[in-house]
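Reviewing the structure listed below.
Just so you know, all these numbers are worked out from the coordinates, no wet-lab data involved. Worth saying up front: this structure is predicted, and the values here are computed from it rather than measured. As a convention, Cβ positions derive from the backbone with ideal geometry for all residues, glycine included, and neighbour counts pool all protein chains shown.
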Amino acid sequence: MNSEVSGPVRVKSIAVPPIRRLREIRSPAWTLLYIILFLVIVIQSGVVVEARPQDLLTGASGMADILARSFPPDFSQFWPQLWPAFETVDIAIFGTVVGVIIAFPLAVLAARNTTPARLLYHGARALIAVCRSVPDLVWALLFVTAVGLGPFPGALAISVHSVGMLGRLLAEVIEDMDMGPIEALGTTGARRMQIFSHAVVPTVLPSLLGIALYRLDENIRSSLILGFVGAGGIGFQLLSAMNLFQYRTVSLLLIMMFVLVIGAERLSAALRKRIA
Amino acid sequence: MSDALIEAHGLFMRYPTGWLALEGASLAVRPGEFAVVLGANGSGKSTLLRIVAGIIKPTEGTARIAGQEITRLTGRALADARMAVGMVFQHANLVKRRSVLANVLCGTLGRHRNLATALGMLPKQEIPHGMHCLANVGLQEFAAQRAGTLSGGQAQRAAIARALAQRPRALLADEPVASLDPEATNQVMRLLRHVAANEGMAVLCVLHQPDLARRYADRIIGLRRGVVRFAAPPGEVTDPEIEALYEGTAR
């Protein structure tokens with residue numbers, strides 16, 4: 001780039017890359033085909049979701065009506081709604097802590113380098129996969145059926161889903177860990193449990209905390225939604241206010257949610273930065 | 001033979017891949033002796049060390065540490081027998097986020113098997129001993145520092161301090177200077193010889209570099225294709241004998 005050629009330019013034979021591989025020189029027919037393919041995919045999605053832009057236009061007045069009725073937000077509802085907001089945060093905290101407590105030992109079993117037996121490895125992997133693949137909303141529906149309405153089924157749902165999400169990430173962290181200190185402690189005559197607590201735990205602890213804080217942030221978001229299926233918190237209040245057409249309460253609740261989500265995101269990011 | 005702390009007899013090792021790493025290797029290291037195993041890549045020297053340390057089992061043959069037949073033990077009995085042998089690796093293998101002293105104290109865990117140490121606590125009564133071991137390797141002023149902040153040579157010396165904290169009777173070192181610069185290399189080699197001479201330990205060290213073996217070892221053990229070709233003090237080993245170890249092997 002900044003090398004200047006002085007004197008006569010010597011033309012050397014340069015190794016030319018195979019022209020077909022160069023995207024810039026690809027035949028226009030291919031480009032056209034890709035564009036058509038992309039358009040087909042987009043159009044079929046529009047057909048399947050029954051997209052009718054004209055409905056948006058005719059519905060504009062209705063939207064404007066709702067917006068007008070939501071304004072100004074009903075700040076007199078702030079104090080009564082503070083408790084559900086608190087509940088939402090605590091559902092996330094409970095779910096994250098319980099999730100970490102269960103996920104960590106499970107991850108140790110589910111990591112190829114620390115698992116004591118093949119059977120346990122596959123069992124732990126399967127359990128983590130089940131917890132993860134079922135969405136937390138579905139877990140919440142199940143737990144509401146099992147233990148009834150309220151924040152507890154929400155907390156349980158987040159715990160179980162967190163076990164799945166945390167378990168997989170932690171198992172990966174453990175598998176990527178430097179095995180040197182573990183081998184070194186093994187040769188000192190230390191027992192399995194001692195090796196685990198003195199070499200494995202201190203090595204993965206910073207990653208564990210980072211992942212847990214990130215999960216807490218995600219769980220606060222989830223816990224806002226879980227109220228919709230009756231699992232307590234601010235989501236349940238939002239659903240009730242909607243059903244009662246109390247749009248000024250709805251707008252207040254949306255503001256509170258916004259503050260919660262952004263606050264959790266900032267706090268989690270700041271704490272993670274301190275750990276790193 | 002009976003007074004040797006490290007003994008190996010007729011070791012054969014065939015890996016599952018069919019590779020025959022050792023073909024009847026035998027050796028003995030006495031207390032206070034610094035023995036160096038020399039050999040080319042694939043000569044079986046690391047395999048030999050791992051068998052003596054009880055990390056892997058030989059196909060045939062026996063290895064004893066301080067009279068205990070380490071090749072026959074398993075589980076708890078093996079963990080107990082291993083306490084008599086300290087080990088140093090090519091990399092220091094310290095837990096980087098813990099302090100240097102905490103890493104050294106980890107060497108004493110075998111002697112303190114209780115609930116507190118199982119839960120990650122360190123044996124407090126060993127702190128003076130740990131500091132003594134750190135002083136032995138010249139790192140006492142680094143005790144409170146994180147292990148991750150040490151240089152390569154310092155980390156390797158801390159690893160030796162951890163092995164010493166174990167109060168072993170024999171010390172095994174697997175290419176301990178392979179990733180160190182010349183100055184750190186000489187420090188570590190001097191330290192290993194000092195440990196043998198002053199603490200009366202049997203030290204068995206696997207090396208790549210013939211010149212280091214000549215300079216520091218009490219005895220050089222030449223290994224080629226899984227067989228011990230010679231075992232003699234440096235003064236009695238000729239250069240052609242050492243060169244023969246590396247001949248015809250892919251390096």
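Would you kindly calculate the translational diffusion coefficient of region B:188-236, applying Stokes-Einstein with the Kirkwood radius from alpha carbon pairs, for 10 °C and a viscosity of 1.306 mPa s, and quote it in µm² s⁻¹ without decimals? Result for D is 138 µm²/s.
For chain B, the longest principal axis of the alpha carbon atoms and the long axis of helix B:152-165 meet at an angle near 80°.
Taking the fewest neighbouring Cβ atoms within 10 Å as the starting point, the ordered list for B:Val195, A:Val47 is A:Val47, B:Val195. Helix content alone sets the calculated 222 nm mean residue ellipticity of chain A: runs of n ≥ 4 DSSP H residues at -39500 (n - 2.57) each, divided across all residues, give -24000 deg cm²/dmol. In chain B, the alpha-carbon atoms span a convex hull of 131 Å³ per residue.
Kirkwood's formula applied to the C-alpha pairs of region A:35-175 gives a hydrodynamic radius of 19.1 angstrom. Take the Cα pairs of region A:175-276, get the Kirkwood Rh, then feed it into Stokes-Einstein at 4 °C and 1.567 mPa s and tell me D in µm²/s. The calculation lands on 77 µm²/s. Residues whose amide H falls under 5 Å from that of B:Gly86, counting only those 5 or more places apart or on a different chain, are B:Arg169, B:Ala170, B:Leu171, B:Leu172, with hydrogens built in the peptide plane.
Indicate the gyration tensor shape class of chain A (rounded, prolate or oblate), computed on the Cα atoms with a ≥ b ≥ c the square roots of the eigenvalues: a/c under 1.5 is rounded; otherwise a/b larger than b/c is prolate and the rest oblate. Cα axes put chain A in the oblate bin.
Modelled spin labels at A:Leu57 and A:Val201, positioned 7 Å past Cα toward Cβ, are 6.7 nm from each other.
The Rg/Rh ratio for the protein assembly as shown, using Cα coordinates for both the radius of gyration and the Kirkwood hydrodynamic radius, is 1.15.
Evaluated over the Cα positions of region B:61-189, the convex hull gives a direction-averaged projected area, one quarter of its surface, of 8.5 nm². Shown for A:Ser251, B:Ser43: other C-beta atoms within 10 Å of each C-beta, ranked fewest to most, produce the order A:Ser251, B:Ser43. Inter-chain Cβ neighbour count for A:194-201, averaged per residue, equals 6 (cutoff 10 Å, partner chain atoms only). Taking a point 7 angstrom from the Cα of A:Leu271 along the C-beta vector, which residues in region A:201-229 have backbone N less than 14 Å away? Within reach of a label on A:Leu271: A:206-221. Panel note: the C-alpha atoms of region B:161-243, placed on their principal axes, show extents of 39, 27, 23 Å (largest first). I need the shape label for region B:136-201. Rule: rounded when a/c is under 1.5, else prolate if a/b > b/c, else oblate, with a, b, c from the alpha carbon gyration tensor. It is oblate, given that a/c is not under 1.5 and a/b is not larger than b/c. Once backbone amide H atoms are built at 1.01 Å from N, B:Val227 has B:Glu23 as its partners under 5 Å, excluding neighbours fewer than 5 places away on the same chain.
Please identify the longest segment of chain A free of exposed GluC sites (Glu not before Pro), where exposed means a DSSP state other than H, G, I, E or B and no more than 11 other Cβ atoms within 10 Å. It runs A:51-276. The alpha-carbon positions of region B:1-110 define a convex hull whose volume is 136 Å³ per residue.
Specify the residue with the greatest mean-square fluctuation among B:Gly200, B:Gly107, B:Gly32, computed from a Gaussian network of chain B linking alpha-carbon atoms under 10 Å apart. Greatest mean-square fluctuation among the candidates belongs to B:Gly200. Specify whether the C-alpha gyration tensor of region A:99-252 places it in the rounded, prolate or oblate class, a ≥ b ≥ c being the square roots of the eigenvalues: rounded for a/c under 1.5, otherwise prolate if a/b is larger than b/c and oblate if not. Prolate, because a/c is 1.5 or more and a/b exceeds b/c. Taken one residue at a time, the phi angles of region B:118-132 give Karplus couplings (6.51, -1.76, 1.60, θ = phi - 60°) of 5, 8, x, 7, 9, x, 4, 5, 8, 4, x, 5, x, 5, 4 Hz. Gly and Pro are set to x.
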